[in-house]
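A short worksheet on the structure shown next.
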Amino acid sequence: MSPAPSELRPIRESPIRLTNVATIAAVVAVALLLQVSPNLLGIPEGGPAVAGAGAARAVRGEVESAVSSLAHGAGPAAGHAVSCAATGAAARCGASNVSGWTNLTAGLQASPSCRGDAGMVYDPAIQKVVLFGGWGYCGWYQVELLNDTWTFGNGTWTNITTSVGVAPPARWDGGMAWDAADQEIVLFGGWTLNGTMLNDTWTYSSGAWTQVPTTLAPSTRHGPGFAYDSTDHEVVLFGGSPWMGSGTFLNDTWTFRAGTWNSVSGAGGVAPSPRRMPMMADDPAAGGAVLFGGVDPGFGAFSDTWLFHNGTWSRLVPTASPPARFDSSLSYDPNIGGLLLFGGCFSQGCIVHENDTWAFANGTWTNVSAQLPAGPSPRGAAGFTYDPLAHAQLLFGGSDGGHHNDTWLLGAAGLVLSNGSGHSTPNGSGGLGVVLNLTPWNGTAPLAVQFTAHVVPANISVRATWSFGDGGNGTGLAMNHTYTTAGSFLAAVTVTEANGSSATASATILVTPAVSGGGGGSSGGGTSSGGGNRAGANNSSGSSGKGSGTLAPPAPPAGDGARTAGGSASLALAGPPGLVPALWLTVITLGVAVGALGTNTFLQWRDRRRG
């Protein structure tokens, strides 16, 4: 039943309606004031990129976090810089110039669940790390087999399971590697929850999994050594076990090329003894796939090192080696020109774990644990692969009886390694090398950039010559150069010894025009560092003008040997072009006032008609 007219009069005459209107108007005005000029509210400018009002709402929490940390003088977490860029509303960040272990976990918005023995490799085709499957449960000795697919890029995990089509069956402890020759990820074998062993072959490319029909393939197994051999341009599989526990272990060798498996067992040389869960990785510097360790049927662990090259196994005899172990993590790192090994299992049943870090370069192993800050807790079965956009190893999860889902970066540049003859060589380079550092890598013109070339080894005399990509040149290990025009510039440094040996590193610098906007002024300095971005290292640095402008494009991969530091997405909280902030604010305020008056007049007119 409709209310009587007399029941409407108190509502019409009540001040509550006008108060609500005024409150709404005030909220709108404050929100728009924040959009026009954060400085008017005492908020410093700078932070993640924002594009338009919708984008501003989408990343409001990140903007507030970033500007808050800037206001308190925060810098990069643990001294590690982060390069950020943006496309639309999403801030895309990637760590750069990482040194040692960096835990990204706390800054992640999403993450795969706890697990161990998942497949995890970097996919250059999409410039992201791809993770598949594994076994785990966020508890002690619980088991849950998985077949989800995730990517990691620009500091963010993304679950793409629903978009990859028909995925391989759930499994753990199979083999997975990037096949550079065929430009796809290859997955083989593993075992299921009920102990069934698999020998199916799958590939991942163009965002989809595809099962490969095979007439000949390795037998069912889990825990094989599995890696791409960039020297011979093929995927290599070694050993594994067709059983859950002790029993028959294998030492056969297979190669996979152009969709076809080939058995190369007995083709030449003496193969490693039967074992499962050895660590195997491509090592271009060594000239093939390197295998280390593993476990025998009696659960005795190995500490031997082998090289597979041109269809033949040969045992290497390094002057030092890690203690015997299995189910560790092993990956090639171009920063040292060799392999990095982390953790693993030491005893029957994988009860005792380690979290030491070793490097293999120049034909021998070096324990680099003491050179690194505290890293992941002891564990085996962790995903471990080099992410070239982060210039660092990415480690995820692993098992110590229970399972983990933490995410770490390991930057290896600067590690002091043995050269195999009792001497030490920085960065593990067998010959002359150079690492390029620069800050910032992007910004508005004029952009002053500091360049530094670090020679490997460090104790030799060289001549360093620079080309800055804009016609400028220079000599010396440390240089300052200012880019006065907008553009993308490839800077390169070449170091040359007296005997003529030389090495070159390069990186791309992005220079954008100064932001302008009808009185809004050019962009600010933008070199302050602060927290609040998505990358987990909690750093954001950038520039902001009050006029409208465009966002910086995503950072390109740096050149060989190059390192990037500094630079970030810019924050552009801008009004319509052609209106200065004071005039825009006046227009908005008048608009709100007129709207409030008009609304109140309409409501009174409506109530009078009802009365």
Counting only backbone N atoms under 19 Å from a point 7 Å out along Cα-to-Cβ of GLN183, the residues of the range 108-134 in range are 122-130
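Would the range 188-314 count as rounded, prolate or oblate if I go by the C-alpha gyration tensor, calling it rounded below 1.5 in a/c and otherwise prolate when a/b exceeds b/c, oblate otherwise? Each step should come with its number before you reach the end.
On the way: a/c = 1.69, a/b = 1.04, b/c = 1.63.
Judged from the Cα gyration tensor, the range 188-314 comes out oblate (a/c at least 1.5, b/c at or above a/b).
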Under a 1.4 Å probe, counting only protein heavy atoms, HIS353 has an accessible area in Å², nearest 10, of 30 Å²
A chain fully extended from ASN499 to SER461 at 0.36 nm per residue, minus the present Cα-Cα distance, gains in nm 12.6 nm
Of SER263, SER205, ordered by accessible area with the largest first and a 1.4 Å probe, the sequence is SER263, SER205
Residue by residue through the range 367-377, the couplings from Karplus 6.51 cos²θ - 1.76 cosθ + 1.60 with θ = phi - 60°, in Hz, x for Gly and Pro, are 7, 9, 4, 5, 8, 10, x, 4, x, x, 5
Everything considered on the Cα gyration tensor (a ≥ b ≥ c; rounded for a/c under 1.5, else prolate if a/b is larger than b/c, else oblate), the range 317-387 must be described as prolate
Reported to the nearest 10 Å², ARG257 has, with a 1.4 Å probe, an accessible area equal to 110 Å²
Here D for the range 441-490, in µm²/s, from Stokes-Einstein with a Kirkwood Rh over Cα pairs at 37 °C and 0.692 mPa s, works out to 272 µm²/s
Here the relative contact order (percent) of the range 213-331, from C-alpha pairs under 8 Å and at least 6 apart, is 22 percent
For CYS350, CYS345, the accessible-area ranking with a 1.4 Å probe, largest leading, is CYS350, CYS345
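Is the range 252-408 best put as rounded, prolate or oblate by its Cα gyration tensor, with a ≥ b ≥ c the root eigenvalues, rounded for a/c under 1.5, and otherwise prolate when a/b is larger than b/c, oblate when not?
prolate
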With all protein chains present and a 1.4 Å probe, the order of PHE346, PHE360 from largest accessible area down is PHE346, PHE360
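The values are calculated or read from the model by the stated rules, or taken from the named source; none is laboratory data. This one's a predicted model, so the numbers in the text were calculated from it and none came from an experiment. Note that each Cβ is placed from the backbone with ideal geometry, even for glycine, and that neighbours are counted across all protein chains shown. Surface accessibility is based on the protein's heavy atoms, side chains included, excluding ligands, DNA and RNA. Shrake-Rupley method; radii C 1.70, N 1.55, O 1.52, S 1.80 Å.
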